[in-house]
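Heads up: the structure comes next, in C-alpha cells.
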Amino acid sequence: MGCHPGEVAIDRTCDDCGRPHGRPRVDVGSLDAIDVSVTHAGSFVAVAIVVAGRVGVDIDMIPATYDDLLDVVAH
C-alpha cells in the first residue's frame, strides 16, 4: 500500500445505526478504492481485499449430517 502500517485506519461504522460493527472500510489517505470483507466461523477466518469494485466473502460451519448436500451445492 506504500505506507506505514500505522497510517492505515479501519472504520467499522455501521451504515444503518452508526455503531462499530459494520463492514470494514480501509482509509489510507488517497487510496479510497480498497474494499474489504472479513468473515469467521469456528476457528476459520476468511479475508478478501480488492482495489477495484466490491468484494464479499462468507464461511459457515456445516454439520457433518449435510455431507451429501455439499456435492450438490458446492464445487
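Just so it is clear, none of the values below were taken in a lab; they were calculated from the coordinates. Computed from a predicted structure; not experimentally measured. Please note: Cβ atoms are built from the backbone with ideal geometry, for glycine as well, and neighbour counts cover all protein chains shown.
Values for this structure:
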{"read-out": "Net charge, residue 22 excluded, C-beta distance under 10 Å - Lys, Arg +1, Asp, Glu -1", "value": "+1"}
{"read-out": "Inter-site label distance for residue 64 and residue 41 at 7 Å from Cα along Cβ, in nm", "value": "1.7"}
{"read-out": "Label selected from (i) 1.10; (ii) 0.95; (iii) 1.15, the criterion being Rg/Rh (Cα atoms, Kirkwood Rh) as computed here", "value": "(i)"}
